[in-house]
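One structure below.
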């Protein structure tokens, strides 16, 4: 007899990695969505660059990263600006094939940021894609710019992220 064990999100800590302060606001939004909706805690970790971030992903220290298409192309060894030529679907496919990482839908804003989950995270937290995809497209370039300016002047990233999500009735 085979026993299938179900893994719930509640009570676990999810490690979300970023390699730039530009991603902090989006990381806070993702963190708040996960915490408010699942009960899991999220620890946001800032890495000095994408090389160190991807090493942490490979070693299992990071479950989710916030990535953008330009940097993804660099990681894949392609030239910047070829995103339109290569296409986001090709980037998603290459990430899954070569690194076992799954891209979710873009949050919008410039550049196009999206959460990227490890294979293990996808298996252990099957509800995360549906939850995080609720953020898809909620940030227009204009809104993102305004939120970033607020963050720079106040340095209250978490509060600004929370107010925005409440305003959109996402938490």
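For this structure, a couple of remarks:
- Qualifying residue in the range 111-121 (condition: surrounded by fewer than 17 Cβ atoms within 10 Å (Cβ to Cβ) and under 21 Å from residue 40 (Cβ atoms)): yes
- Here residue 150 passes the criteria (1) within 20 Å of residue 70 (Cβ to Cβ); (2) touching a helix residue (DSSP H, G or I) at 6+ places or on another chain (Cβ under 7 Å) except the one numbered (1).
- Residue match in the range 64-86 (condition: in contact with a strand residue (DSSP E or B) (Cβ under 6 Å, 6 or more places away or on another chain), more than 27 Å from residue 141 (Cβ to Cβ) and modelled with pLDDT of 95 or more): no
- Test for residue 106: is it in contact with a strand residue (DSSP E or B) (Cβ under 9 Å, 6 or more places away or on another chain) and either part of a loop (DSSP other than H, G, I, E, B) or at pLDDT below 95 (or both): yes
- Per this entry, residue 117 is not counted among residues that are touching a helix residue (DSSP H, G or I) at 6+ places or on another chain (Cβ under 7 Å), on the phi < 0 side of the Ramachandran plot and assigned to a helix (DSSP H, G or I).
- Output for the range 159-171, where each listed residue is part of a helix (DSSP H, G or I) and closer than 18 Å to residue 38 by Cα: 161, 162, 165, 166
- Candidates are the residues of the range 124-143 that are assigned to a helix (DSSP H, G or I) and touching a residue at least 60 places away in the same chain (Cβ under 8 Å); the one that is surrounded by the most Cβ atoms within 10 Å (Cβ to Cβ) is 128.
The values are calculated or read from the model by the stated rules, or taken from the named source; none is laboratory data. The structure displayed is predicted, hence computed values, not measured ones. All Cβ positions, glycine included, derive from the backbone under ideal geometry; neighbour counts span all protein chains shown.
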